Amino acid sequence: MKEEIYEKILIIRTKKPEGNNINADLQWFSRSLGLFNERDREKSCFRIFIELVKATKNDKKLRSDDLAEKSHLSRATVIHHLNTLMERGLVISKNNRYLLRESSFNDLLEDLEKDFFKTFKDLKKKAIELDRELEN
């Protein structure tokens, strides 16, 4: 049986911040990728994402324990958010160490865009097949 690939591509359209504030821009970028939700009041997923951004920029991979220490979160919380980030195709794991899928935001978005269009193309093909089957 073929292994099923599961990736949740989530894009949320939100108002872009005005001005030039790196923190506001990073939060907007993260919010647009669905890294914030109402339950995450401490922005823990965003904090983990930022730690991974810093590590990736320095060509480092982090363990979940490292992320817990740097973000002042429990290891369980870190693992929960790492799983979310991996489901969304933003983070990869190598030998129990984590890093962003790509080393730049632009490359990351280009990869996500390719994933999105491949998925959308597959959906359109299936929609045509379903329409044909339903006509009979």
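Things to note:
- Residue count for segment 98-130, restricted to those that are at pLDDT 95 or above and of a type in the set (Lys, Arg): 4.
- Failed condition for Leu108, given (1) over 13 Å from the mean Cα position of the chain (by Cα); (2) part of a helix (DSSP H, G or I): (1)
- Which numbered condition Lys16 fails, given (1) more than 29 Å from Thr119 (Cβ to Cβ); (2) in a loop (DSSP other than H, G, I, E, B); (3) of a type in the set (Lys, Arg); (4) modelled with pLDDT of 90 or more: (1)
- If you filter segment 37-58 down to residues that are within 21 Å of Ile22 (Cα to Cα) and over 17 Å from the mean Cα position of the chain (by Cα), you find that the one that is modelled with the lowest pLDDT is Arg41.
- Close pairs (7 angstrom Cβ cut-off, 6 or more residues apart or separate chains): more than 9 Å from Leu99 (Cα to Cα) and touching a residue at least 40 places away in the same chain (Cβ under 8 Å) in segment 51-62, surrounded by 12 or more Cβ atoms within 10 Å (Cβ to Cβ) and not hydroxyl-bearing (Ser, Thr, Tyr) anywhere: none
- Residue in segment 63-81 that is surrounded by fewer than 19 Cβ atoms within 10 Å (Cβ to Cβ), under 12 Å from the mean Cα position of the chain (by Cα), closer than 22 Å to Ile9 by Cβ and touching a residue at least 24 places away in the same chain (Cβ under 8 Å) present: no
The values are calculated or read from the model by the stated rules, or taken from the named source; none is laboratory data. Nothing here was measured: the structure is a model prediction, and the numbers come from that model. Cβ: placed from backbone, ideal geometry, glycine included. Neighbour counts: every protein chain shown.
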